[in-house]
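Heads up, the thing below is written out as structure tokens.
The values are calculated or read from the model by the stated rules, or taken from the named source; none is laboratory data. Only a predicted model underlies this, so the values are computations on that prediction, with no experimental measurement involved. Don't worry about glycine lacking a Cβ; one is built from the backbone with ideal geometry, like all the others, and counts go over all protein chains shown. Areas reflect the complete protein model, heavy atoms only, side chains present, ligands, DNA and RNA absent. Shrake-Rupley method; radii C 1.70, N 1.55, O 1.52, S 1.80 Å.
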Amino acid sequence: MYSIPNFQDISTDQISITQDNLWKTYFLYGYGYKAEQNCLRCPETTRLVEQIPGMKTAFFSILLPHKTIPEHRGPYKGLLRYHLGLKVPAAADHCGICVGGEVRHWQEGKSLFFDDTFPHFAWNHTDDIRVILFVDFIRPMRAPVSWFNQFMIQLIAWSPYVQSGRKNLLEWEAKQK
């Protein structure tokens, strides 16, 4: 049986915001690096996310019941974030996200876009699981600023932070075979 890792098991810097077993992730892409085994298990989702212009990261984010992700903010303004509600608890008002002081609730089949450099936090105060498709894509900009942005994103992809997460994901996949 395939298990799904905790977010901090793949991206160890997430330990600053989560240390329990209530936030799971199933990566397809991380900063442009493809999670081959996971993508093979989800061919249609992979095909669709690969069509998103500037897509850099895509994964299923799974919040188990009674999980709160404390306030945090993304490190770089060159990306934007997209959430697609896939499985949202019926008590949607008890499961949501607050970005820059504005509260939203996921809805199945509906999209949320936001700039993750604004302070944000999320919660699932229900007895059900919340699943979203989580995508980061390059913020649209005009040249030459767009070239600089793409260069910065590539530097981030080469960083020890991303490379460590990539290594952790490959090790996790190897254990699942």
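Among Lys56/Lys175; Lys24/Lys67; Lys87/Lys110; Lys34/Lys56; Lys34/Lys67, which pairs are too far apart, with a Cα-Cα distance over 18 Å?
On the way: Lys56/Lys175 25 Å; Lys24/Lys67 11 Å; Lys87/Lys110 11 Å; Lys34/Lys56 9 Å; Lys34/Lys67 28 Å.
Those over the limit are Lys56/Lys175; Lys34/Lys67.
Using a 1.4 Å probe and counting only protein heavy atoms, arrange Leu48, Leu22 so the residue with the most accessible area comes first.
Values: Leu48 90, Leu22 55 Å².
The ranking, largest first, comes out as Leu48, Leu22.
Okay, helix-only estimate at 222 nm for the chain: each DSSP H run of n ≥ 4 adds -39500 (n - 2.57), divide by all residues, round to 500 deg cm²/dmol; what do you get?
When only DSSP H runs of four or more count, the value is -8000 deg cm²/dmol.
Could you tell me which of Gln14, His94, Ala157 has its Cα farthest along the dipole of the chain towards the positive end, charges placed at Cβ (Lys, Arg +1; Asp, Glu -1), taken about the Cα centre?
Positive-most Cα among the choices belongs to Ala157.
If DNA, RNA and ligands are ignored and the probe is 1.4 Å, what is the ranking of Lys77, Lys87 by accessible area, most exposed first?
Heavy-atom accessible area, descending, gives Lys77, Lys87.
How big is the accessible area of Met152 in square angstrom, nearest 10, if you roll a 1.4 angstrom probe over the protein chains?
50
How much accessible surface does Glu108 have with a 1.4 Å probe, in Å² rounded to 10?
110
Computed FRET efficiency, Cβ-Cβ of Ala92 and Phe113, R0 25 Å: what is it to the nearest 0.05?
Values: r = 18 Å, r/R0 = 0.73.
Working from the Cβ atoms, E equals 0.85.
Less than 11 Å Cβ to Cβ from Thr18, Lys/Arg counted +1 and Asp/Glu -1: what total charge do the surrounding residues give? If you can, show how the numbers build up before the last one.
Numbers: positive: Lys24, Lys67; negative: Asp9, Asp13, Asp20.
Net charge around Thr18: -1.
In region 94-131, which residues have a backbone nitrogen under 17 Å from the label point lying 7 Å from Val145's Cα in the Cα-to-Cβ direction?
115-118
I want the local charge near Pro65. Using Cβ-Cβ distances under 11 Å, sum +1 for each Lys or Arg and -1 for each Asp or Glu among the other residues.
0
Counting only protein chains, not ligands or nucleic acids, how are Ser16, Ser146, Ser111 ordered by accessible area (probe 1.4 Å), most first?
Output order, biggest surface exposure first: Ser16, Ser111, Ser146.
Quick one: Debye curve from the C-alpha atoms of region 57-111, no solvent, what's log10 I(q)/I(0) at q = 0.13, 0.15 Å⁻¹?
-0.36, -0.49
How big is the accessible area of Thr126 in square angstrom, nearest 10, if you roll a 1.4 angstrom probe over the protein chains?
For Thr126, solvent-accessible area is about 10 Å².
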